[in-house]
Amino acid sequence: MSAPSAALRPGWAERPASLAASPLTRVLAGTFAMAQAEVRKLRHDHLDIFTRSVQPLLWLFVFGTALQRTHALSIPGVEYRAYLAPGVMAQAALFISIFFGLAVIWERDVGQLQRLLATPLPRSAIVLGKAAGACVRALAQAIVLLIVIAITGIGIRWNVIDLLGAIVMLLLGTAAFTSASLVLASTVKKRERFMGIGQLVMMPLFFASSALYPLNILPTWLHVVARINPLTYEVQALRQLIDGVGAPHELLLDFAVVLGFFVVMATAATRAYPKAIL
């Protein structure tokens, strides 16, 4: 037997390239493929971008304008609408993330999820690909919001590095909450029930955070809740990068908390995802 033939294990030549690759390569390739599928959906649904962009604009220009003269919400040197913009941006992304799990329930109902789980794709690639799809939608909303802010002259910092950092934080938070939504979707079997639970989760996350108001005006119990709310740290980082509000040394903590939350939720979603077909 020749040396080359002896070196080959039986069936190796027929092994698919996707399986022969390293685990990390398979995860990255699978994530990219899943993200591409989500991007294609978005490209054929421009109305979705428009309708989802209306809600944060209403928060910014109706709610923000109505309360900008409230003394308790005034921040020295910062217009309230500029202060509100990072919170609105995070809230819009949160709305996308929390309800992204509905797609999992729909895919299970039509049999698409069963076929997807039967592929050689790693479960982590499926979860990360779904999260990447939500990130694309959140990024599109954020770009629309920033364009409107620029047109209307709301005074945020237009530093390129800071804006890129804000986008990174926004995408990281979106991926984390999307993973949490996938965990929820693996246990909830009906879309109507998921909608109710999603609202129950989203509203406390939003209002018990620093998205709308400074933490120092909150009562003690709500301040404690806000401090264990991961959305608070996402908003704090966005506000520091976009408005320059907050202590610079807290930025690293904000990124660490949101990144840790993402790792925990992505791991939980990877383990829970196959249960969605049961």
### Message
Tally up the residues in the range 211-241 that are surrounded by 13 or more Cβ atoms within 10 Å (Cβ to Cβ), touching a helix residue (DSSP H, G or I) at 6+ places or on another chain (Cβ under 7 Å) and assigned to a helix (DSSP H, G or I), please.
### Response
15
### Query
When the residues of the range 155-182 are filtered to those that are aliphatic (A, V, I, L, M) and surrounded by fewer than 18 Cβ atoms within 10 Å (Cβ to Cβ), which remaining residue is nearest to Asp48 (Cα to Cα)?
Val168
### Query
Pick from Phe206, Phe177: which is modelled with pLDDT of 90 or more and either within 28 Å of Ser74 (Cβ to Cβ) or more than 18 Å from the chain's Cα centre (by Cα) (or both)?
Phe206
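Tell me the residue from Ile149, Ile126 that is surrounded by 16 or more Cβ atoms within 10 Å (Cβ to Cβ), of a type in the set (A, V, I, L, M, F, W, C) and under 30 Å from Arg193 (Cβ atoms), please. Working first, answer last.
Values: Ile149 fails: under 30 Å from Arg193 (Cβ atoms).
Just one listed residue meets the conditions, Ile126.
Listed here are the residues, each with its yes/no results for (1) without any contact (Cβ under 8 Å) to a residue 40 or more places away in the chain; (2) more than 29 Å from Tyr273 (Cβ to Cβ).
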site: Leu164; (1), (2): yes, yes
site: Val168; (1), (2): yes, no
site: Phe194; (1), (2): no, no
site: Pro230; (1), (2): no, no
site: Gln240; (1), (2): yes, yes
### Query
Across the range 258-273, which residue is surrounded by the fewest Cβ atoms within 10 Å (Cβ to Cβ) among those that are more than 20 Å from Leu164 (Cβ to Cβ) and touching a helix residue (DSSP H, G or I) at 6+ places or on another chain (Cβ under 6 Å)?
Ala268
## Note on the structure
The helices (runs of 4 or more DSSP H) lying wholly within the range 51-150 that contain at least 3 residues that are of a type in the set (Gly, Ala, Ser) and touching a residue at least 24 places away in the same chain (Cβ under 8 Å) are 80-98
### Message
All but one of (1) modelled with pLDDT of 80 or more; (2) in contact with a helix residue (DSSP H, G or I) (Cβ under 7 Å, 6 or more places away or on another chain); (3) closer than 20 Å to Gly153 by Cβ; (4) not β-branched (Val, Ile, Thr) hold for Gln91; state the number of the condition that does not hold.
### Response
(3)
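In the range 54-72, is there at least one residue being β-branched (Val, Ile, Thr), within 23 Å of the chain's Cα centre (by Cα) and surrounded by fewer than 23 Cβ atoms within 10 Å (Cβ to Cβ)? Walk me through how you get there before you give the answer.
Our first condition is that a residue be β-branched (Val, Ile, Thr); within the range 54-72, this holds for 54, 62, 65, 70.
Those left that are additionally within 23 Å of the chain's Cα centre (by Cα): 54.
If we keep only those that are surrounded by fewer than 23 Cβ atoms within 10 Å (Cβ to Cβ) as well, we get 54.
The answer is yes, given that some residue of the range 54-72 is β-branched (Val, Ile, Thr), within 23 Å of the chain's Cα centre (by Cα) and surrounded by fewer than 23 Cβ atoms within 10 Å (Cβ to Cβ).
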### Summary
Result of the Cβ filter at 6 Å on the range 197-226, keeping first residues that are over 26 Å from Leu184 (Cα atoms) and partners that are exposed (fewer than 12 other Cβ atoms within 10 Å of the Cβ), at least 6 apart or interchain, is Ile217/Ala72
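The values are calculated or read from the model by the stated rules, or taken from the named source; none is laboratory data. No experiment lies behind these values; they were computed from the predicted model shown. Quick reminder, even Gly has a Cβ in these numbers, built from the backbone with ideal geometry, and neighbours come from all protein chains shown.
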